[in-house]
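Shown next, in structure tokens, is the structure this report addresses.
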Amino acid sequence: MALKVYINGTLYDKDDAKISVYDHGLLYGDGVFEGIRSYGGKVFRLQEPLDRLWDSAKALWLEIPTSKPQMARNIQRMLETNGIEDGYVRVLVTRGCGTLGLDPNRCTDPQVIIIADTVSLYPKELYEKGLAIITVSTVRSHPAALSPRIKSLNYLNNILAKIEGLQAGCIEALMLNHKGEVAECTGDNIFLVRRGRILTPPNEAGILEGITRDAVMTLAREAGYDMRETPLTKHDVYIADECFLTGTAAEVVPVVKVDSRTIGDGTPGPVTGELMQRFHELTRS
Ligand code: PXG
């Protein structure tokens, strides 16, 4: 049976789920999205991504033509319809069809799209061996230009960084902000471990406030770690004992090499391992 995709209340077979070429989501990247995880058929922390979706839309003057409870019901319904247990739900709201011109007021019908599918971001072995990443020259969007807190359909900043990383043979890329501080990776937040302390850049570094980041910070504190949000430099990364990334799709993934510098002893460290385990328990119990 073909996977079903939700568009504005109607379910389409995956191959027939299509959006107009006049949709400003395509013409201008004018729209917002969220990624939501399900474990055992149940959505993990639904409220936070829904709040973030509505916040992102608000920043774009985009009115989502449904309510949060209705969206929640439709997300759950799409998981059930497609028989997805451990999956990934992509929710998009586009500005809708308009004319060939930027003016969003000429768009009349925002499109609400829900795709419930499975995801595997990095090969399984990288969770055991760790990733090698590289710092790229693409600077994270200046918060005064386009807030990195908005999860918009325009992901070019991150895509350029991703391409730079891939061209250097790295599956993930580290982005600095306009001040030269560590910001985040292209689709994941970054954490360091140094002398028993866990460190991650603060929101002011110009990052997406990751929901996984938030969950991992709480887990770290519950486990008794000194967990700090603090500005970080590349040097801090190079001299860290451990490094790991967090994201809805990636969950918690160790990093063992940055810019050809070996992190710690070159294998995923014990603190990373403990947090991976705790995150697994949180999501699967
Ligand atoms: N930073 C950025 C720039 C992101 O896009 C995260 C951090 C992690 O946030 P969450 O809330 O997921 O813990 C994201 C996540 C992908 C992909 O394919 C990831 C994201 C968006 C689109 C695609 O890896 N966002």
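The values are calculated or read from the model by the stated rules, or taken from the named source; none is laboratory data. Being a predicted model, the structure only gives us computed values, none of them experimental. We place every Cβ from the backbone using ideal geometry, glycine too, and count neighbours over all the protein chains shown. Areas reflect the complete protein model, heavy atoms only, side chains present, ligands, DNA and RNA absent. Shrake-Rupley method; radii C 1.70, N 1.55, O 1.52, S 1.80 Å.
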Item to check | Ellipticity estimate at 222 nm from DSSP helix runs (n ≥ 4, -39,500 (n - 2.57)) divided over the chain, nearest 500 | outcome: -8500 deg cm²/dmol
Checklist outcome for this item: If each K or R counts +1 and each D or E counts -1, the residues other than Cys107 whose Cβ falls under 12 Å of its Cβ total -3
Checklist outcome for this item: Where a ≥ b ≥ c are root eigenvalues of the Cα gyration tensor, a/c under 1.5 meaning rounded, otherwise prolate if a/b exceeds b/c and oblate otherwise, the stretch 1-106 counts as oblate
Item to check | Karplus 3J(HN,Hα) series, Hz, for the stretch 58-74 with 6.51 cos²θ - 1.76 cosθ + 1.60 (x for Gly, Pro) | outcome: 4, 4, 9, 6, 10, 8, 7, x, 7, 9, 4, x, 5, 4, 4, 5, 5
Checklist entry - From the residues Ile115, Leu160, Pro148, which one has its Cα farthest along the dipole of the stretch 92-218 in the positive direction, the dipole being from +1 and -1 charges on Cβ of Lys/Arg and Asp/Glu about the Cα centre? => result Pro148
Checklist outcome for this item: In the structure shown, of Lys234/Lys257; Lys4/Lys151; Lys124/Lys257; Lys68/Lys151; Lys18/Lys68; Lys179/Lys234, the pairs separated by more than 19 angstrom at the C-alpha atoms are Lys4/Lys151; Lys18/Lys68
Checklist outcome for this item: Other residues with Cβ under 10 Å from the Cβ of Thr186 give, with Lys and Arg +1 and Asp and Glu -1, a net charge of -2
Checklist entry - Using +1 on the beta carbon of Lys and Arg, -1 on that of Asp and Glu, and nothing else charged, what's the dipole of the stretch 139-263 about the Cα centre, debye to 20? => result 180 debye
Checklist entry - Which of Pro65, Leu92, Leu11 sits closest to the plus end of the dipole of the chain, meaning its Cα is farthest towards the positive end, when Lys and Arg get +1 and Asp and Glu get -1 on the C-beta? => result Pro65
Checklist entry - How high is the relative contact order of the stretch 124-284, given as a whole-number percent (alpha carbon pairs under 8 Å, six or more residues apart)? => result 25 percent
Checklist entry - Dipole size in debye (nearest 20) for the stretch 4-117 around its Cα centre, Lys and Arg Cβ +1, Asp and Glu Cβ -1? => result 220 debye
Next on the checklist: Taking the Cα centroid of the stretch 158-183 and of the stretch 231-279, what is the distance between the two, rounded to the nearest whole Å?
Outcome noted: 16 Å
Checklist outcome for this item: Here the residues of the stretch 206-233 lying in the modelled label zone of Asp55, meaning backbone nitrogen under 16 Å from a point 7 Å along Cα-to-Cβ, are 206-218
Item to check | Alpha-carbon spread of the stretch 203-285, three principal axes, descending order, Å | outcome: 37, 30, 26
Item to check | Solvent exposure, largest accessible area first (probe 1.4 Å, DNA, RNA and ligands not counted), of Ile133, Ile159, Ile150 | outcome: Ile159, Ile150, Ile133
Next on the checklist: What's the magnitude of the charge dipole for the chain around its Cα centre, counting Lys and Arg as +1 and Asp and Glu as -1 at the beta-carbon? Answer in Debye, nearest 20.
Outcome noted: 200 debye
Checklist entry - For the stretch 67-210, which semi-axes, largest first and in whole Å, follow from the square roots of 5 times the eigenvalues of its Cα gyration tensor? => result 30, 23, 15
Next on the checklist: With a 1.4 Å probe and all protein chains left in place, how much accessible area per residue does the chain have, in Å²?
Outcome noted: 47 Å²
Checklist entry - Counting only protein heavy atoms and using a 1.4 Å probe, what share of the accessible area of the chain belongs to carbon plus sulfur, as a whole percent? => result 52 percent
Item to check | Linear extension gain, Ile19 paired with Asn154, 0.36 nm per residue minus alpha-carbon span | outcome: 46.9 nm
Item to check | Environment charge of Met1, counting only residues whose C-beta is closer than 14 Å and scoring Lys/Arg +1, Asp/Glu -1 | outcome: -3
Next on the checklist: Starting from a Cα-only point model with no solvent, please compute log10 I(q)/I(0) by Debye for the chain at q = 0.10, 0.15 1/Å.
Outcome noted: -0.55, -1.18
